[in-house]
Amino acid sequence: MTKRQVILSGSVFEEQIGYARAVVDGDWVHVSGTTGFDYAEMTISEDVVEQAEQCLRNIGAALAEARCGFKDVVRVRYLLPAREDFEPCWPVLRRVFGDVRPAATMMVCGLADPRMKIEIEVYARRAAAGEGDA
């Protein structure tokens, strides 16, 4: 039987809503939609690019706790309330995912808090022992 591991970031939203930042299920790592909040301070920048950078720091921490990294990401979803905010984030996203090339989708939708300008969700597959760093 596959062991399930829950990863918490300390976000108050996890407790209030009842979810985990990430769930590890065998080789698969499912990272919840992650916003640009600095969870230690519970602050969020007004700038969408800074929020994207913080999203990626938050996701990177969850992936590291799951014993994998951005190189293992196979799927990414970008959720934004304002379509025009996506393109300014491209350089940040390309820096992280440009060599990885995960399947990706961008959706325009409302987010839980009006201060949130981007939310990023990823799925990763941890490399099995003996597999390359691809």
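The values are calculated or read from the model by the stated rules, or taken from the named source; none is laboratory data. What you see is a predicted model; the values in this text were computed from it and never measured. No Cβ is skipped: glycine too gets one built from the backbone with ideal geometry, and neighbour counts run over all protein chains shown. With ligands, DNA and RNA removed, areas are computed over all heavy atoms of the protein, side chains included. Shrake-Rupley method; radii C 1.70, N 1.55, O 1.52, S 1.80 Å.
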Query raised in the report: Limited to the range 57-101, what total is found for residues that are charged (D, E, K, R), surrounded by 14 or more Cβ atoms within 10 Å (Cβ to Cβ) and not in a helix (DSSP H, G or I)?
Result: 2
Requested in this report: Being open to solvent by 70 Å² or more (accessible area, probe 1.4 Å) and modelled with pLDDT of 95 or more narrows it down to one of Glu46, Glu53, so name that one.
Outcome: Glu46
